[in-house]
Amino acid sequence: MPKCTIDGKEVEFKPGENLVSVAKRAGIEIPVFCYHPGLSVVAQCRMCYVEVEKMPKLQTACSTQAAEGMVVKTQSEAVKKGRAGTMEFLLLNHPLDCPICDKSGECDLQDNSFGHGSEFMRHSEERRTYVDVDMGPVIQKNMNRCIHCTRCIRFGDEVAGIHEMVAIKRGNNIDITTIDGKQLKTEYAGNYSDICPTGSLTLKDFRFKKRAWMLKKTPTVCEGCSKGCNMEVQHEGNVVYRCVPRENLEINKYWMCDEGRFNYQYVQDPSRIVDPMKKAGDSWLVARWEELLSGLRTDAAGASVLFLVGTDLTNEEMKAIQDAARALSPKIQIQSFGTPGVETSGQDGPRDQILKMKSKTANLKGAESLGISPLLGSAKSDVVVVFRGGRAELPRIEAKKAYGVGVFLEKERNFFHAILPGLSFLEKDGTVINHQGVPQGMKRALLPRGRCKSTGEMLMLMLNQRNNEVTA
Amino acid sequence: MLAIRKPGFLNRLYLIEIIRGLWITMKNFLFHKKVTLQFPEQRRDYSNRYRGQHYIKAVNGVENCTACMLCPTVCPAECIHIVAGEREDKEKYPVKFEIDSLRCCFCGMCEEACPKDAIKLSNIYEMSQQTRTVYEKDFLLEQRGNK
Amino acid sequence: MSSLEPMMMFIKIGIVLAGLLATVPIMLFVERRGSALMQNRLGPNRMGPFGLFQAACDVIKFIFKEDRAPGHVNKFYYTIAPWVAVIPAFMTFAVIPFAGSLTLDGTTTHFQIANLDVGVLYCFSIASLGVYGIIMAGWASNNHYSLLGSLRSSAQMISYELTLGLSLVGLMMVFQSVKLGDIVFEQGETLFTLGAIAVPKWGIFIQPVGFLLFLVSVFAETNRLPFDLPEGESELIAGYHLEYGSMRFALFMMAEFINMAVASALITTLFFGGWQLLPFFSVLVSHVQSLGLIPDPNLVEVIFQGLSFIIKVAFWMWFFVWVRWTLPRFRFDQLMNLGWKVLFPVGLLNVLVTGFLIYKGVL
């Protein structure tokens, strides 16, 4: 492998690699705005200046490919001066509204200004201002804060596959906007906010909810489809405020779709059932755990019993349900349900050219690996017990008695005679297998709401016939 | 070195000492200037830097605060609770701004952290209350002290 | 026995009771204001002129406060303890002469409720009953601090009663009587003259050591600083009256103030000539008599005798307050050392020396 020298360190590189990523591997941070590893290189912001020996002028590290024997300095006086100058230009028109801006705390402009900019400002003229266009339900635009890095334009072109953002006018009057001021159409609009190095594109959903530094971050996996995008749940005080993608070059690279990004909302939906409930006539009553669990045990011992397992559950839960069914009665049938029309992984496939998959549940492959056959048509049995993680689409149920175990909203409970509230994907640990067959771990971010219990706990209590000890 | 004094007989009798002590008390009783401050009529002067009752500064009737949450971040007692919102004349403003006065330790860090000169500690030190312990936003906007 | 005699008796009892009861709010005021001024504060000065009505406010507050006994106390003893403390305090005053005698319609009235033959001994016996109130309060409160307080109190009072009695033996030997009336009367005589100044035969001049012993013991007996260990706030919170509130607490306070009054009256009577006129008062008496505003010259003399007595008592009561803010509290072992190893032997010695002097005919 060829080698180059950065700040006195010898670093190996692959031919064609640019200096920013080579330096990063060597533990040297080169400040960037317009450069993004998932996008093409334009060298527009001029922040990544480095000094390369035998080159007369400063070079932008993002557009300079490493070469054998190249000697790069990232901390020389010339580089520092160049960066400070760039910073000063970028801040000429940037408003000082960090207290208002949702980006503050995770803002590249803040960080780089602190690290490389000057403490003082020589410019005292009026800043330019814009009237902002409505960017649709996902993104809030604030052009005043923009530094024209064009990451958003390139993202639309190169990743989202839709050319909807453009730079109109030139020079000081430049305006980054949508074509003809239309709303954003892409289903990956949330990424605009993630890649924007300033606060000019922010999430409407997250607007003014919390400051970035107050959020706790838990890495987990999206349960939106069988892609299994890696994401980070940002939450505080048992409330999720937003989800952002995590880098995983094999699965989702740096991106995430809006459906997965805002999927967390059902977890804290006020109409989510968080108490064990049973149907009494037309109304629903809050019941005791022991009552419902002993009822379930009695019913599951019957002649015709069907356990329906949602493919949105984790492997661990599915295995526990299989074991419990075996222990209760050998006659219990177990079938899986998830997305209508996508019953097996053979039927699964990409829904668009980016990330989305046809299967709307995360663990179709896992259910298959455990040997659970898919449910075809409607569920017909005397007793049907539906185990569901929150996303699997409920099939038609034709049963004398139906139990719902897991996450249900109030509008979804009418099929059932009793609901045993379980945990959503943010409230449990577990493993799911994505469409490529990669097992990935989900991590618990929240404490269970209300009197919810994990599937494992429910089954354990039911099997051990110690219902009198169920106190919740 | 510790000098051990052996008290003489008269000293050990303590009578003279007691009489001298009595004289000191009597001197204080009769002649000494009394230090009591007659509070509601007389008031002690406090430094301008005294940290008392909080208030939120307003300019032309619009509160300076933009709900940037730096004060709850820096607050060591975690007594400030802000909920941000948006309205016509102000992009971001505090819908709720509460200071739990029982938790507050009057350290003045919020004042230091505030980028908008919005939260301030006034010179008001008569803060005894019968019921309210949480200062609401409306209340905080009314307080001024001598500033 | 004429019809005047019962009436005069009632008048005397009335004067004594009213005087003692009036002492309490006055002392309340004096103690609060006095202590404040000694500590360079102002003290309560809002109620009325100079805060004079503060005492009345305090009394009203005590009376109208809810009278609540804690659940864990022994109800019977808890209830009677304040009364056991306060009644003996009043009773002691029965034998103290507060003025000379007055002859009206051929009936001579001595201004002393009862001139008992046992005199001083009666005082001691009744005063020592007061300790029962404190013991009862501490025991009935069912509280560690209260019990410790009353324990200290009983030990202290019993120890110092010895010295208290012993300190007066010399005085009794000199005056050949234990009747307080006789002692006061004899103190009217002149001990010796220094030129124009006639030094009266007051107890302090013939028994200075006895006086000192008596003074110290009396502080211990009344539980006043520097000997207020039964209530020592720093270690016992409030000692024996910790569980008391409202009027019951006020009764303890009353007992303390009246004990002070009685102690002051005893000091006055035994060592400072009791109702005998103060030095310059004789001039005043003859002057008022010559004015003739009051027809009976004897009455004028009695009034001035009473006034002298009150002034002397008032001084000693002030002295109690004064000492309270001058001397710090003793430690319990220091208190016991002082009582048993210093005051008691000195008292014995004093008796010996007095006897020797009487034998030699000096006294």
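The values are calculated or read from the model by the stated rules, or taken from the named source; none is laboratory data. Owing to the predicted nature of the structure, the values given are computational and were not obtained by experimental measurement. Glycine gets a Cβ as well: all are built from the backbone with ideal geometry, and neighbour counts include every protein chain shown.
Before moving on, here are some points about what is shown:
- For the range B:100-120, the tally of residues that are of a type in the set (Lys, Arg) and either without any contact (Cβ under 8 Å) to a residue 40 or more places away in the chain or within 11 Å of chain A (Cβ to nearest Cβ) (or both) stands at 2.
- Qualifying residue in the range A:331-343 (condition: assigned by TED's automatic domain parsing to the domain that holds A:Gly441, among the acidic types (Asp, Glu) and within 21 Å of A:Val384 (Cβ to Cβ)): yes
- Listed conditions (1) touching a Leu at 6+ places or on another chain (Cβ under 7 Å); (2) of a type in the set (Asp, Glu); (3) within 14 Å of chain B (Cβ to nearest Cβ) are all met by C:Glu31, apart from (1).
- Verdict on A:Thr202 being within 14 Å of chain B (Cβ to nearest Cβ), polar (S, T, N, Q) and either over 28 Å from A:Leu96 (Cβ atoms) or touching a residue at least 12 places away in the same chain (Cβ under 8 Å) (or both): yes
- Unmet requirement for A:Ile251, which otherwise passes all of (1) modelled with pLDDT of 90 or more; (2) surrounded by fewer than 19 Cβ atoms within 10 Å (Cβ to Cβ); (3) not basic (Lys, Arg): (2)
- Of the criteria (1) touching a residue at least 12 places away in the same chain (Cβ under 8 Å); (2) part of a strand (DSSP E or B); (3) surrounded by fewer than 18 Cβ atoms within 10 Å (Cβ to Cβ), which one A:Ser336 fails: (3)
- Residue within the range A:108-115 that is of a type outside the set (Val, Ile, Thr), assigned to a loop (DSSP other than H, G, I, E, B) and out of contact with any Pro (no Cβ under 9 Å at 6 or more places or on another chain) present: no
- Subset of the range A:86-120 that is within 14 Å of chain B (Cβ to nearest Cβ) and among the aliphatic types (A, V, I, L, M) - its residue that is nearest to A:Thr74 (Cα to Cα): A:Leu96
- There is no residue in the range A:161-181 that is assigned to a loop (DSSP other than H, G, I, E, B) and closer than 30 Å to A:Val239 by Cα.
- Residue tally, condition among the basic types (Lys, Arg) and surrounded by 17 or more Cβ atoms within 10 Å (Cβ to Cβ), over the range A:141-182: 4
- Applying a threshold of 9 Å to beta carbon distances and a minimum spacing of six or more residues, or different chains, the list of pairs starting in the range C:300-323 at a residue that is buried (at least 22 other Cβ atoms within 10 Å of the Cβ) and ending at one that is in a helix (DSSP H, G or I) and among the acidic types (Asp, Glu) reads C:Phe320/C:Glu31; C:Val321/C:Glu31.
- For the range B:44-70, a residue qualifies if it is in a loop (DSSP other than H, G, I, E, B), free of Cβ contacts under 8 Å to residues at least 40 places away in the same chain and either within 11 Å of another protein chain (Cβ to nearest Cβ) or not small (Gly, Ala, Ser) (or both), and the qualifying residues are B:Arg44, B:Asp45, B:Arg49, B:Asn60, B:Ala67, B:Met69.
- Residue list for the range B:71-99, restricted to those being under 27 Å from the mean Cα position of the chain (by Cα) and away from chain A (no Cβ under 14 Å): B:Pro76, B:Ala77, B:Cys79, B:Glu98, B:Ile99
- Matching strands (runs of 3 or more DSSP E) fully within the range A:392-463 where at least 3 residues are of a type outside the set (Ser, Thr, Tyr), more than 23 Å from A:Lys216 (Cα to Cα) and at pLDDT 90 or above: A:397-406, A:418-421
- Count of residues meeting criterion [within 17 Å of the chain's Cα centre (by Cα) and either without any contact (Cβ under 8 Å) to a residue 12 or more places away in the chain or outside any helix (DSSP H, G or I) (or both)] in the range C:20-53: 2
The rows are residues; the columns are (1) touching a His at 6+ places or on another chain (Cβ under 9 Å); (2) at pLDDT below 80; (3) in a loop (DSSP other than H, G, I, E, B); (4) at negative phi.
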position	(1), (2), (3), (4)
C:Ala114	no, yes, yes, yes
C:Leu129	no, no, no, yes
C:Leu151	no, no, no, yes
C:Tyr160	no, no, no, yes
C:Gly170	no, no, no, yes
C:Phe185	no, yes, no, yes
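- Elements of the type strands (runs of 3 or more DSSP E) sitting completely within the range A:1-85 and holding at least 1 residues that are under 24 Å from A:Arg122 (Cβ atoms): these cover A:49-52.
- In a residue-by-residue description of the range A:82-99, the property of being acidic (Asp, Glu) and touching a helix residue (DSSP H, G or I) at 6+ places or on another chain (Cβ under 9 Å) applies to at least one position.
- Of residues in the range A:281-290 being modelled with pLDDT of 90 or more and not basic (Lys, Arg), the one nearest to A:Asn464 (Cα to Cα): A:Trp289
- Candidates are the residues of the range B:1-43 that are away from every other protein chain (no Cβ under 11 Å) and part of a helix (DSSP H, G or I); the one that is nearest to the chain's Cα centre (by Cα) is B:Ile16.
- Residues within the range A:336-385 that are more than 23 Å from the chain's Cα centre (by Cα) and closer than 28 Å to A:Arg297 by Cα, tallied: 20
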